[in-house]
Amino acid sequence: MTIYQATMPPDGATCETRGCCSVASVRLIVPALRFDADGVDHSKDPPTFDTCELHWPVMRDACRRNGHAVADSTGDLRALVADFPQCTIFASDGGRLYASARVNGSVQGTTVDAFLVGQLRIRLTQLTRTAVGSASGARR
Ligand SMILES: [Zn+2]
């Protein structure tokens, strides 16, 4: 089994799925394959593949169906939970992460979501920071 790392793409990266030019939200880092018994020259495989919000779940699914694990290299979910005790943090079956928070006594909780722990951490940090002045936080 190969482990693919999921990380944040650089600013301005776009989805590499054919026909899609949306802003990329996840970069998949494909490990160099040492296995060559399939007769395919993997040396020219692109080492990374950027996908948008729409195509990432498809890509993640395809990796898993092919027996590859997808690891989030942007952070540890348990550490995030520990850092934001005021939030309820959970992951969907599709691999999307959600955090819902009640900040500064607001009546309505705000939910932010992301595909990567690092992205969720950024959104939560912004949320807890902007909540002081305005209640409209959680922009995507
Ligand atoms: Zn796309």
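The values are calculated or read from the model by the stated rules, or taken from the named source; none is laboratory data. Given the structure is predicted, the values throughout are model-derived calculations rather than measurements. Every residue, glycine among them, receives a Cβ derived from its backbone with ideal geometry; neighbour counts consider all protein chains shown.
Some notes on this structure:
- Among the criteria (1) at pLDDT below 90; (2) within 16 Å of the ligand (Cβ to nearest atom), the one residue 42 does not fulfil is (2).
- Filtered residues of the range 58-77 (kept if closer than 16 Å to residue 121 by Cβ and of a type in the set (A, V, I, L, M, F, W, C)): 77
- Restricting attention to the range 50-64, the residues being within 11 Å of the ligand (Cβ to nearest atom) and under 12 Å from residue 6 (Cβ atoms) number 5.
- Qualifying position, being of a type in the set (Val, Ile, Thr) and modelled with pLDDT of 95 or more, among 51, 88: 51
- Meeting the requirement of 2 or more residues that are touching a residue at least 40 places away in the same chain (Cβ under 8 Å), the strands (runs of 3 or more DSSP E) wholly within the range 42-92 are 69-72.
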